[in-house]
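Have a look at the structure below, then the notes.
The values are calculated or read from the model by the stated rules, or taken from the named source; none is laboratory data. Being a predicted model, the structure only gives us computed values, none of them experimental. Using ideal geometry, Cβ is built from the backbone for each residue, glycine included, and neighbour counts are taken over all protein chains shown.
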Amino acid sequence: MTKLTTRWIKSSDRLPPENVGVLVFIPEEDNHCTTGMWDVSKKWVLLDEYRVPVSDVTYWAEMVDLPEDKTYTPSNRRPEEEDTMSYQIRSLQKRIYELEHQRP
């Protein structure tokens, strides 16, 4: 199994581009890692259906690329059939894509 490596960037050193989905680390919530973005209003928001604002993002990381395997679909594989982290990242990337491309 290949380990995914992520370069975490301190939020106080550099922020991601606006409105780009990234992984975010929130230590005040039991070291929670989820998806979020730095939005145009200069605030961190979580990439969920509510776009919850958060203030305590200390680190962020770019998302990893999607796999080259074009035959993968969530309907034809179960999470237990593959590396759980890979599955979670693909699920998050799919959700970010859907949120970024939804019509107002």
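List of remarks:
- Answer residue from region 20-31, given it is assigned to a loop (DSSP other than H, G, I, E, B) and within 12 Å of the chain's Cα centre (by Cα) and is surrounded by the fewest Cβ atoms within 10 Å (Cβ to Cβ) among those: Val20
- Screening the candidates Tyr97, Tyr72 for the property of being of a type outside the set (A, V, I, L, M), at pLDDT 65 or above and surrounded by 12 or more Cβ atoms within 10 Å (Cβ to Cβ) yields one hit, Tyr97.
- Verdict on Gln88 being more than 25 Å from Ser12 (Cα to Cα) and modelled with pLDDT of 65 or more: yes
- Per-region count, region 7-59, residues of a type in the set (Phe, Trp, Tyr) and more than 17 Å from Leu92 (Cβ to Cβ): 0
- Contacts under 6 angstrom Cβ, first residue in region 91-104 being of a type in the set (S, T, N, Q), partner at pLDDT 75 or above, 6 or more apart: Gln93/Met63
- Taken together, the residues in region 12-54 that are more than 17 Å from Ile96 (Cβ to Cβ), out of contact with any strand residue (DSSP E or B) (no Cβ under 6 Å at 6 or more places or on another chain) and at pLDDT 85 or above amount to 5.
- Counted residues, region 32-63 - those being in a loop (DSSP other than H, G, I, E, B) and among the hydrophobic types (A, V, I, L, M, F, W, C): 5
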